[in-house]
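Visitor: After the structure tokens below, expect a handful of questions from me.
Coordinate-derived values only; no laboratory data. None of these values were measured; they are calculated from a predicted model. Every residue, glycine as well, gets a Cβ built from its backbone with ideal geometry; the counts of neighbours run over all protein chains shown.
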Amino acid sequence: MQSPVRFVVEADGGSRGNPGPAGYGAVVLDPVTGETLAERAEFIGVATNNVAEYKGLIAGLKAARELSADAQVQVRMDSKLVVEQMSGRWKIKHPDMRPLAAEAAKILPASQVSYEWIPRERNKHADRLANEAMDAGKRGRQWEP
């Protein structure tokens with residue numbers, strides 16, 4: 001039997017001001033080679049940092065699903081809130097977060113996704129994409145690869 005495809009998704013979101021102009025970045029990586037398989041980033045207008053983090057997660061999971069719907073995905077984020085909420089260890093109290101968490105949970109079966117918190121300095125690729133998206137938004141544009 002062939003072992004399942006594995007991906008690492010690194011995602012980040014940010015807002016300049018909280019809330020403020022916001023964007024996210026996500027990257028799908030090959031866990032063995034570290035090769036970038038997909039990148040996503042978007043300026044999302046005025047939002048909180050946490051909303052942007054969830055939007056980054058959603059984009060990263062969708063990109064992984066486009067590559068392989070039955071992949072095992074390890075999500076790595078520097079948002080303790082999103083990692084703990086999506087792992088089921090923290091309750092989702094804020095009403096704005098509930099639909100985003102539900103959307104993220106529907107993209108791939110829970111059995112295929114694991115979550116790991118990483119320090120910000122280990123999330124540079126997704127952070128760079130989120131900042132590029134916010135910079136593009138400031139110029140009245142959307143991010144382009």
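Visitor: Can you report the number of residues in segment 16-34 which are in contact (Cβ under 8 Å) with a residue 60 or more places away in the chain, among the small types (Gly, Ala, Ser) and more than 15 Å from residue 145 (Cβ to Cβ)?
Guide: 1
Visitor: If you go through segment 34-93, how many residues are under 14 Å from residue 115 (Cβ atoms), among the basic types (Lys, Arg) and touching a helix residue (DSSP H, G or I) at 6+ places or on another chain (Cβ under 7 Å)?
Guide: Going through segment 34-93 one residue at a time, the tally reaches 0.
Visitor: I'm trying to understand the selection: among the residues of segment 92-134, which are of a type in the set (Asp, Glu), in a helix (DSSP H, G or I) and surrounded by fewer than 15 Cβ atoms within 10 Å (Cβ to Cβ)?
Guide: Answer for segment 92-134, where residues must be of a type in the set (Asp, Glu), in a helix (DSSP H, G or I) and surrounded by fewer than 15 Cβ atoms within 10 Å (Cβ to Cβ): just 121.
Visitor: How many of the residues in segment 53-83 are under 9 Å from the mean Cα position of the chain (by Cα), in a helix (DSSP H, G or I) and of a type outside the set (Val, Ile, Thr)?
Guide: Summing the residues that are under 9 Å from the mean Cα position of the chain (by Cα), in a helix (DSSP H, G or I) and of a type outside the set (Val, Ile, Thr) in segment 53-83 gives 8.
Visitor: So, one more: Somewhere in segment 34-55, is a residue surrounded by 21 or more Cβ atoms within 10 Å (Cβ to Cβ), farther than 26 Å from residue 139 by Cα and touching a Phe, Trp or Tyr at 6+ places or on another chain (Cβ under 8 Å)?
Guide: Taking every residue of segment 34-55 in turn, none turns out to be surrounded by 21 or more Cβ atoms within 10 Å (Cβ to Cβ), farther than 26 Å from residue 139 by Cα and touching a Phe, Trp or Tyr at 6+ places or on another chain (Cβ under 8 Å).
Visitor: Can you report the number of residues in segment 1-38 which are of a type in the set (D, E, K, R) and more than 18 Å from residue 132 (Cβ to Cβ)? Give the steps one after another, and end with the answer.
Guide: Quick first cut of segment 1-38, residues of a type in the set (D, E, K, R) only: 6, 10, 12, 16, 30, 35.
Narrowing further to those that are more than 18 Å from residue 132 (Cβ to Cβ): 6, 30, 35.
Of the residues in that region, 3 qualify.
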